[in-house]
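Everything on this sheet refers to the single structure shown next.
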Amino acid sequence: MRTETIDSTVPTGDAAATPLLIRGGRPYGEDVQDVLLAGGRIQAVGTDLELPEHTEVIEAEDCIVLPGLVDLHTHLREPGGEEAETVETGTRAAARGGFTAVHAMANTTPVADTAGVVEQIARRGDSAGWCTVRPVGAVTVGLAGERLAELDAMANSGAQVRVFSDDGKCVHDPVLMRRALEYVKSFDGVIAQHAQDPRLTAGAQMHEGVVSAELGLTGWPAVAEESIIARDVLLAQHVGSRLHVCHLSTAGSVDIIRWAKQRGIAVTAEVTPHHLLLTDENVRQFDAVFKVNPPLRTAADVEAVREGLADGTIDIVATDHAPHPRDAKDREWDQAAMGMTGLETALSLVQLTMVDQGRLSWRDVARVLSEKPAEIGRDREQGHPLEPGSPAHVLVWDPRPMRVADPAEHASLSRNSPFAGLELPGSNRLTVLGGRPTVRDGQVVRR
Ligand SMILES: [Zn+2]
């Protein structure tokens with residue numbers, strides 16, 4: 001048994017939670033060790049642990065034990081889009097996916113561009129109680145791309161915003177982007193850019209390439225993403241600030257990030273689960289469930305983003321969970337909304353495309369889906385190692401079951417999953433938030 005001094009500066013979970021012993025699992029997919037949770041923290045990791053009275057035992061043989069997952073890119077849609085998702089349903093979906101924290105994107109109605117709105121979203125997350133909700137603040141007022149929002153007021157609010165993004169829209173004006181990067185330095189914030197040149201993508205319906213030409217759909221060329229990323233890494237270097245690139249999707253984007261990192265530029269990047277698997281060939285079905293922004297790219301791009309994630313060029317996997325009501329998706333392709341749900345299938349997709357292919361270990365998965373996203377978002381409550389003293393945010397994942405994905409089973413209010421009908425590996429045995437289970441055997445449980 002390992003014993004370590006508990007760092008009392010680390011925030012705790014729920015001290016009154018019933019002690020839990022996760023027995024016989026494999027932390028990080030490595031050696032079998034039991035994990036004891038009590039007092040809202042991890043109390044011990046080892047074998048033959050001494051148990052407090054009334055400890056509940058969870059049998060976790062052959063399961064992987066991971067720190068609770070952290071999503072840097074979630075659309076919860078509340079306020080204003082409650083027919084697609086609410087904080088309540090979106091965080092239930094997150095818990096089912098193994099997440100203990102999500103960063104809620106700012107493109108709500110009203111836009112999350114003031115201290116008042118971000119505090120309201122954080123409070124809604126707290127009262128729902130399924131996972132921590134960290135609001136992302138808008139970079140520009142109303143996402144209009146014209147003047148900076150009150151970034152410092154959001155940073156200094158009760159929500160302590162550290163990630164700012166106009167996601168859904170690109171901060172296209174280079175002067176505004178430069179000012180935003182300069183501004184967030186004072187509170188160690190980061191600008192998360194949705195890299196899309198609006199002029200190069202006017203009217204775009206899918207990736208520009210052979211398939212778009214055959215289908216006669218207006219293309220969204222790779223260069224529209226790559227040119228913005230190239231500009232922004234240079235701006236980040238010039239200003240000496242932190243840049244995060246949302247949902248990177250092309251081989252050229254991976255090359256630019258690799259180049260920037262070699263030069264010591266403070267850039268991080270994310271890839272979505274869907275860009276790790278699906279391609280523009282899926283669009284031939286003309287099912288709008290495959291319509292997403294940035295669009296599904298080519299098989300060569302999929303290989304490049306897998307490679308970039310495996311070699312650390314891409315720092316994290318983020319879902320870009322983008323729920324839409326049925327009537328926004330059940331339309332002709334060119335009329336349908338862009339976006340896919342993803343919280344409840346993310347880890348299965350990462351297992352399928354990366355772990356089962358031998359390209360990431362489970363320890364790597366903890367890095368790209370928990371530790372690094374928490375670090376980028378400056379969330380000191382999440383992403384801790386599975387060690388005594390860490391807050392008890394834990395996921396127990398059974399990698400063995402193969403299950404056909406069925407959005408009707410999802411906790412999300414929306415059903416626009418492109419993985420419906422696909423056989424996916426793995427299932428969530430247990431999610432624990434601050435010492436209390438939020439999910440048992442795949443089902444959310446009232447805390
Ligand atoms: Zn986006």
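The values are calculated or read from the model by the stated rules, or taken from the named source; none is laboratory data. As the structure is a prediction and not an experimental result, all values here were calculated from the model. Because the Cβ atoms are built from the backbone with ideal geometry, glycine has one as well, and the counts that use them run over all protein chains shown. SASA here: full protein model, heavy atoms, side chains in, ligands and nucleic acids out. Shrake-Rupley method; radii C 1.70, N 1.55, O 1.52, S 1.80 Å.
Structural remarks
- Violating pairs (Cα-Cα greater than 26 angstrom) within the set Lys169/Lys291; Lys291/Lys372; Lys185/Lys261: Lys291/Lys372
- Sorted largest first, extent of the stretch 336-387 alpha carbons per principal axis (Å): 43, 28, 15
- Residues whose amide H falls under 5 Å from that of Ile42, counting only those 5 or more places apart or on a different chain, are Gly389, Ser390, Ala392, with hydrogens built in the peptide plane.
- Within the stretch 251-386: Cβ-based charge dipole about Cα centre, in debye rounded to nearest 20 (Lys, Arg +1; Asp, Glu -1): 340 debye
- Charge tally in the Cβ shell below 12 Å around Val289, where Lys, Arg are +1 and Asp, Glu are -1, Val289 excluded: +3
- Each part gets one Cα centre, and for the stretch 322-346 versus the stretch 352-374 those centres are 26 Å apart.
- When the trypsin sites (Lys or Arg not before Pro) in the stretch 136-198 are filtered for DSSP coil states and for at most 13 other beta-carbon atoms within 10 Å of their beta-carbon, the remaining sites are Arg147.
- Contact order relative to length of the stretch 19-80, as percent, for alpha carbon pairs under 8 angstrom and 6 or more apart: 39 percent
- When you restrict to C-alpha pairs under 8 Å that are six or more residues apart and normalise by the size of the chain, the relative contact order lands at 20 percent.
- Over the stretch 9-145, relative contact order from alpha-carbon pairs under 8 Å, at least 6 apart, %: 19 percent
- Averaged per residue, the chain has 37 square angstrom of accessible surface, using a 1.4 angstrom probe with ligands and nucleic acids left out.
- Vicinal HN-Hα couplings computed from phi for the stretch 51-66 (Karplus, 6.51 cos²θ - 1.76 cosθ + 1.60; Hz; Gly/Pro x): 9, x, 4, 6, 6, 7, 9, 10, 6, 10, 4, 6, 9, 9, 10, 10
- Taking the protein heavy atoms of the stretch 136-288 in the context of the full set of protein chains, the accessible area attributed to carbon and sulfur is 50 percent at 1.4 Å.
- The base-10 log of I(q)/I(0) for the stretch 171-244, evaluated at q = 0.12 Å⁻¹, reads -0.40 [Debye formula, identical scatterers on Cα atoms, solvent excluded].
- Dividing the radius of gyration of the alpha carbons in the stretch 293-395 by their Kirkwood radius gives 1.04 for Rg/Rh.
- Convex hull volume of the Cα atoms of the chain, normalised per residue: 128 Å³.
- Antiparallel bridges, percent of DSSP beta bridges restricted to the chain (to nearest 5): 50 percent
- Of the trypsin sites (Lys or Arg not before Pro) in the stretch 259-343, the ones in a loop by DSSP (not H, G, I, E or B) with at most 14 other beta carbons within 10 Å are Arg263, Arg331.
- Along principal axes, Cα extents of the stretch 244-352, largest first, whole Å: 46, 24, 24
- For Met206, distant residues with modelled amide H under 5 Å away: Trp220
- The orientation-averaged projected area of the convex hull spanned by the Cα atoms of the stretch 408-447 comes to 3.6 nm².
- DSSP-loop GluC sites (Glu not before Pro) across the stretch 246-339, with at most 12 other Cβ within 10 angstrom: Glu332
- DSSP H segments from the chain that extend 18 Å or more along their own axis, Cα-based, with Kyte-Doolittle mean of -0.5 or above: 115-128, 222-239
- Euclidean distance between Cα centres, the stretch 14-84 to the stretch 123-179, Å: 30 Å
- Carbon plus sulfur fraction of accessible area for the stretch 305-447, probe 1.4 Å, in percent: 43 percent
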